[in-house]
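Beneath this line is the structure, given in structure tokens, with notes to follow.
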Amino acid sequence: MMIHEITAQVGRHRQRKRVGRGRASGHGKTSGRGHKGAQSRSGNSTRPQFEGGSLPYFRRIPVRGFSNVKFRTRFWTVNLGDVLAHPSFAKGGAVTKDALIDAGLIRDHSRPLKILGDLKNHAGQEIAEVSVALEVAAERVTKSARAKIEAAGGSVTETGTRRDRVRGIDRASGDPTPKNLTKKLKRSKPRVAADAGGKKKKKKK
């Protein structure tokens with residue numbers, strides 16, 4: 001036995017502090033909470049940023065930078081390998097959101113669907129190739145997934161996300177050029193009031 005093996009155990013099992021058991025214990029009467037105030041009462045709690053009512057530190061410092069992360073589109077992503085490994089799609093057929101929900105591959109309709117071209121399933125087993133015809137309908141399908149599905153005699157229909165539809169991006173057209181995929185939202189110009197910029201009306205005396 002070495003000295004470090006003994007000292008490693010010291011302090012590992014500490015007895016809990018017994019409060020409210022008389023003044024002689026050192027933690028009696030007020031139980032280490034002091035006299036009066038909110039912190040001496042039960043049920044008291046304050047959030048970590050609270051500084052007694054004064055402007056907290058995180059609001060005193062200036063805001064820096066900008067991120068689009070809160071505007072990002074979250075997808076249900078499904079590997080092509082997981083689709084092929086499921087018994088429901090062993091002979092091909094339609095791969096839609098409803099079919100994937102029934103198969104347990106996605107949870108619900110709360111997010112758009114994206115099909116990935118990875119032929120590995122969730123168990124890590126890789127399928128050699130797509131050997132059945134799949135009729136895929138999803139908001140997004142990657143380039144590699146589309147190539148593998150169409151090579152096996154299947155079809156792909158990209159419906160596009162809500163953001164795509166608002167901006168007029170047609171994913172089903174197969175046009176990969178920036179002219180189609182980087183369209184910006186067209187905003188209507190604000191209407192100018194009829195009297196704005198005109199002559200001021202004279203007040204009647």
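Within segment 106-124, restricting attention to residues that are in contact (Cβ under 8 Å) with a residue 24 or more places away in the chain and touching a Lys or Arg at 6+ places or on another chain (Cβ under 8 Å), the residue that is farthest from Ala151 (Cα to Cα) is Arg111.
Among the listed residues Phe50, Phe58, identify the single one that is part of a helix (DSSP H, G or I) and either in contact with a Phe, Trp or Tyr (Cβ under 8 Å, 6 or more places away or on another chain) or more than 30 Å from Glu129 (Cβ to Cβ) (or both). Reasoning before the result, please.
Working: Phe50 fails: part of a helix (DSSP H, G or I).
Matching residue, one of Phe50, Phe58: Phe58.
Yes or no: segment 124-133 includes at least one residue that is aliphatic (A, V, I, L, M), in contact with a Leu (Cβ under 8 Å, 6 or more places away or on another chain) and part of a strand (DSSP E or B). Scanning segment 124-133 turns up no residue that is aliphatic (A, V, I, L, M), in contact with a Leu (Cβ under 8 Å, 6 or more places away or on another chain) and part of a strand (DSSP E or B).
Answer yes or no: is there a residue in segment 133-156 that is at pLDDT below 90 and surrounded by 15 or more Cβ atoms within 10 Å (Cβ to Cβ). Walk me through how you get there before you give the answer.
Just the residues of segment 133-156 that are at pLDDT below 90, to begin with: none.
There is no residue in segment 133-156 that is at pLDDT below 90 and surrounded by 15 or more Cβ atoms within 10 Å (Cβ to Cβ).
Those helices (runs of 4 or more DSSP H) of segment 136-184 in which at least 1 residues are touching a residue at least 12 places away in the same chain (Cβ under 8 Å) and among the hydroxyl-bearing types (Ser, Thr, Tyr), considering only elements entirely within it, cover 143-151. Pairs linking a residue in segment 88-105 that is free of Cβ contacts under 8 Å to residues at least 24 places away in the same chain to a residue that is in a loop (DSSP other than H, G, I, E, B) and of a type in the set (Asp, Glu), with Cβ atoms under 9 Å and 6 or more positions apart or on different chains, are Ile101/Asp108.
Any idea which residue in segment 67-97 is surrounded by the fewest Cβ atoms within 10 Å (Cβ to Cβ), counting only those that are aromatic (Phe, Trp, Tyr) and part of a helix (DSSP H, G or I)? First the steps, then the outcome.
Within segment 67-97, the subset aromatic (Phe, Trp, Tyr) is 71, 75-76, 89.
Those still in the list that are part of a helix (DSSP H, G or I) too: 71, 89.
Values: Phe71: 7, Phe89: 20.
So, considering only residues that are aromatic (Phe, Trp, Tyr) and part of a helix (DSSP H, G or I), the one surrounded by the fewest Cβ atoms within 10 Å (Cβ to Cβ) is Phe71.
Taking segment 1-41 as the range and being surrounded by 10 or more Cβ atoms within 10 Å (Cβ to Cβ) and either within 27 Å of Gly52 (Cβ to Cβ) or among the basic types (Lys, Arg) (or both) as the test, the residues that pass are Lys17, Arg18, Val19, Arg21, His27, Lys29, Thr30, Ser31, Gly32, Arg33, Gln39, Ser40. If you scan segment 149-186, which residues turn out to be more than 25 Å from Ala94 (Cα to Cα) and hydroxyl-bearing (Ser, Thr, Tyr)? Hits for segment 149-186 are Thr177, Thr182.
The values are calculated or read from the model by the stated rules, or taken from the named source; none is laboratory data. Quantities reported herein were computed from a predicted structural model and do not represent experimental measurements. A quick note on method: Cβ atoms are made from the backbone with ideal geometry, for glycine too, and the neighbour counts reach across all protein chains shown.
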